[in-house]
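The values are calculated or read from the model by the stated rules, or taken from the named source; none is laboratory data. Keep in mind that what you see is a predicted model, and the values were worked out from it rather than measured. Cβ sites come from the backbone with ideal geometry, for glycine too, and all protein chains shown count toward neighbours.
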Amino acid sequence: MKQIELLIIGAGPAGLAAAIEAVRAGASVTILDENPRVGGQIFRQPHDGFVTTDPKALGHDYQRGQSLLAEFDSVKSRVEYLEGALVWGIFENNELAFLHRENSRSVCFHKLIIS
């Protein structure tokens, strides 16, 4: 069974911030998220082809989100990100089960963040 140093459930603002700091501290990070893209509900990324002509009109939160997404982009090559992953169980001995691409998988983790 695969061993993961730090497993983060959720790629919203808290999960991304945790991943950024953990990677910078030298940790090996895996993120599981149900959505096809990082950002969560608050910093949801638009579909491909959508162009923002006036980012300032979208407000401060949009700009904060873009900053966080850019920061994550700078470390994402060192993060294993599994999109479309539905966690369905956390068990004894730090085992976590999830569905990814129609396959049920299990991993063991040393540390877990649910965000």
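Do you know which of the residues in the range 99-115 that are in contact with a Gly (Cβ under 8 Å, 6 or more places away or on another chain) and assigned to a strand (DSSP E or B) is farthest from E34 (Cα to Cα)?
Pass one, the range 99-115, residues in contact with a Gly (Cβ under 8 Å, 6 or more places away or on another chain): 100-101, 113-115.
Okay, now just the ones that are also assigned to a strand (DSSP E or B), so 100, 113-114.
Numbers: H100: 9, I113: 15, I114: 13 Å.
Ranking the qualifying residues of the range 99-115, first place goes to I113.
Take the range 1-21 and flag every residue that is surrounded by fewer than 21 Cβ atoms within 10 Å (Cβ to Cβ), assigned to a helix (DSSP H, G or I) and aliphatic (A, V, I, L, M).
A14, A17, A18, I20
Would you mind finding the one in L82, L86 that is part of a strand (DSSP E or B), aliphatic (A, V, I, L, M) and exposed (fewer than 13 other Cβ atoms within 10 Å of the Cβ)?
On the way: L82 fails: exposed (fewer than 13 other Cβ atoms within 10 Å of the Cβ).
Result: L86 is the single residue among L82, L86 that is part of a strand (DSSP E or B), aliphatic (A, V, I, L, M) and exposed (fewer than 13 other Cβ atoms within 10 Å of the Cβ).
Can you spot a residue in the range 39-50 that is farther than 13 Å from I113 by Cα, surrounded by 15 or more Cβ atoms within 10 Å (Cβ to Cβ) and modelled with pLDDT of 75 or more? Write out each step before concluding.
Looking only at the range 39-50, we keep the residues that are farther than 13 Å from I113 by Cα, and these are 39-50.
Add one more test, that the residue is surrounded by 15 or more Cβ atoms within 10 Å (Cβ to Cβ), and what stays is 39-40, 43, 45.
Then drop every residue that is not modelled with pLDDT of 75 or more, which leaves none.
Checked the range 39-50: no residue is farther than 13 Å from I113 by Cα, surrounded by 15 or more Cβ atoms within 10 Å (Cβ to Cβ) and modelled with pLDDT of 75 or more.
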